[in-house]
1. When you go through (1) at pLDDT below 95; (2) in contact with a Pro (Cβ under 7 Å, 6 or more places away or on another chain) one by one for Leu104, which number turns out not to apply?
2. Give the stretch 75-114 a look and list any residue that's open to solvent by less than 30 Å² (accessible area, probe 1.4 Å) and of a type in the set (A, V, I, L, M), or say none.
3. Taking the criterion of being open to solvent by 10 Å² or more (accessible area, probe 1.4 Å), closer than 20 Å to Ile256 by Cα, hydroxyl-bearing (Ser, Thr, Tyr) and at pLDDT below 90, would at least one residue in the stretch 332-344 satisfy it?
4. Out of curiosity, is Asp44 surrounded by fewer than 19 Cβ atoms within 10 Å (Cβ to Cβ) and under 18 Å from Ser118 (Cα atoms)?
5. From the list Ser183, Ser178, which one is loosely packed, with under 15 Cβ neighbours inside 10 Å, farther than 25 Å from Lys43 by Cβ and touching a strand residue (DSSP E or B) at 6+ places or on another chain (Cβ under 6 Å)?
6. So which residues in the stretch 45-73 are outside any loop (DSSP other than H, G, I, E, B), under 18 Å from Ala108 (Cα atoms) and in contact with a strand residue (DSSP E or B) (Cβ under 8 Å, 6 or more places away or on another chain)?
7. Please determine, by comparing only the residues of the stretch 115-125 that are among the hydrophobic types (A, V, I, L, M, F, W, C) and buried (at least 20 other Cβ atoms within 10 Å of the Cβ), which one is farthest from the chain's Cα centre (by Cα).
8. Need at least 1 residues that are aromatic (Phe, Trp, Tyr) and touching a strand residue (DSSP E or B) at 6+ places or on another chain (Cβ under 9 Å) per element, so show me which helices (runs of 4 or more DSSP H) inside the stretch 340-391 make the cut, counting only ones lying wholly within it.
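The values are calculated or read from the model by the stated rules, or taken from the named source; none is laboratory data. If you're wondering where the values come from, they're calculated on a predicted model, not measured in any experiment. For neighbour counting, all protein chains shown are included, and Cβ atoms are generated from backbone atoms with ideal geometry for every residue, glycine included. For accessibility, only protein heavy atoms count, side chains too; no ligands or nucleic acids. Shrake-Rupley method; radii C 1.70, N 1.55, O 1.52, S 1.80 Å.
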Amino acid sequence: MLNVAVMFGGRSVEHEVSVITGLQVIESLDKSKYNVIPVYVAKDGWWYTGSELTKIENYKDIPELLSKCKKVIIPPVPELKRLYFYPFKKGLFKDDADHIKIDLVIPAFHGTFGEDGSIQGLLELLDIPYVGSGVIGSALGMDKIVMKELFKANGIPVVKYVWFLRRDYEEDEEKVLSYIEGSLNYPMFVKPANLGSSIGISKANNRDELIYAIEIATKYDRRIIVEEAVKELIEVNCSVMGFDNEVSTSLCEMPISWQEFLSYTDKYMKGDLRSGLKGASRKIPAPIPESLEREVKELSMKIFKILDCAGVVRVDFLIDKSEMKIYANEVNTIPGSFAFYLWEPLDVSFKELLDRLINLAIRRHKERRRNLYVFDTDLLVKASSGGLKRR
């Protein structure tokens with residue numbers, strides 16, 4: 001039986017969303033196949049484990065919850081792959097401190113230090129298989145500026161946008177505002193470059209609202225992107241699952257926003273909290289022409305490959321109703337979206353989806369281990385004997 005660690009929480013403004021996602025994953029994993037180990041990362045960065053972490057009602061008093069759990073740490077040594085209880089304790093007849101062996105990790109973090117490639121980098125160092133995209137795919141899926149630059153370079157349509165540094169705005173506010181207004185038409189959306197769940201995003205219809213939106217966005221990131229709004233907008237999303245050339249698409253969905261864009265409240269505060277984004281209002285399948293659906297799916301698979309994604313992602317599109325023109329908006333890698341509700345109509349339950357993602361993670365890990373990470377050379381022997389020229 002595989003020891004599967006589900007990691008959630010984390011040092012992110014999306015901490016609470018991550019807890020909900022993590023508990024969804026734990027609840028849905030097949031316990032006959034996996035020994036599930038919850039690993040909660042507190043807002044101060046400490047890691048905890050314990051069965052009490054699997055009950056949502058315990059999170060109303062987190063200090064009380066953590067007092068019933070155990071702190072754990074994981075050394076960055078590939079051959080260990082163990083969560084050690086901290087402070088370290090060693091039994092009388094044991095060679096090693098008390099620990100839990102980890103075979104695979106499902107990262108259920110949202111936002112910084114989890115969804116952005118950070119935890120994926122740590123797991124690469126540890127040589128532990130993990131569900132979802134790797135360092136590059138996760139980082140690109142998080143950074144809206146670099147993502148859109150890649151889309152443009154590969155002929156994928158995007159709305160008009162500009163970006164700037166927080167420092168630029170603080171040093172010369174008028175110059176940045178003039179640059180934005182000279183490049184884009186109102187209304188515009190102002191967004192932190194690296195964040196999810198619609199946190200820090202505002203719509204601006206005039207200069208006063210633009211200034212207010214920038215003040216909000218700059219609290220969350222040092223790089224800000226401003227996008228020209230699609231006036232006659234419908235949103236359509238599609239999920240892609242797979243690895244390398246073996247990928248497939250889900251049904252398409254049409255989210256229904258209660259405001260001018262799908263807000264944090266739309267995503268998580270309506271309906272059953274345990275359902276996460278599934279609780280948002282939507283139409284599945286999206287009521288769009290067959291040709292448009294086909295184009296959305298083809299673009300989704302192209303984006304999946306360009307960003308070197310793996311596992312499952314959800315690709316979001318903006319469509320101008322007046323001319324039915326498609327713009328790629330963003331990619332949501334795990335756990336920004338497990339998009340399980342898009343696979344359920346195809347008879348893939350969340351439990352089955354997690355099984356497939358775990359198998360994909362193992363395949364991806366085996367593929368990476370085919371690479372050579374050692375290069376035999378006598379460089380150091382020559383260097384130590386003075387046989388090398390100084391450069």
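1. (1)
2. Within the stretch 75-114, Leu83, Ala97, Ile102, Leu104, Val105, Ile106, Ala108 meet the criteria.
3. no
4. Details: surrounded by fewer than 19 Cβ atoms within 10 Å (Cβ to Cβ): yes; under 18 Å from Ser118 (Cα atoms): yes.
For Asp44, the condition - surrounded by fewer than 19 Cβ atoms within 10 Å (Cβ to Cβ) and under 18 Å from Ser118 (Cα atoms) - is met.
5. On the way: Ser178 fails: touching a strand residue (DSSP E or B) at 6+ places or on another chain (Cβ under 6 Å).
Answer to the check: Ser183.
6. Taking the stretch 45-73 and keeping what is outside any loop (DSSP other than H, G, I, E, B), we get 47-49, 51-54, 56-60, 62-67, 70-73.
Those left that are additionally under 18 Å from Ala108 (Cα atoms): 47-49, 51-54, 56, 59, 72-73.
Of everything in the stretch 45-73, those that are outside any loop (DSSP other than H, G, I, E, B), under 18 Å from Ala108 (Cα atoms) and in contact with a strand residue (DSSP E or B) (Cβ under 8 Å, 6 or more places away or on another chain) turn out to be Trp47, Tyr48, Thr49, Ser51, Leu53, Thr54, Val72, Ile73.
7. Of the stretch 115-125, the ones among the hydrophobic types (A, V, I, L, M, F, W, C) are 119, 122-123, 125.
Retained after the next criterion (residues that are buried (at least 20 other Cβ atoms within 10 Å of the Cβ)): 119, 123.
Details: Ile119: 11, Leu123: 15 Å.
Result: Leu123.
8. Values: elements: 340-343, 350-369, 379-384.
Because the criterion is at least 1 residues that are aromatic (Phe, Trp, Tyr) and touching a strand residue (DSSP E or B) at 6+ places or on another chain (Cβ under 9 Å), the helices (runs of 4 or more DSSP H) in the stretch 340-391 that meet it are 340-343.
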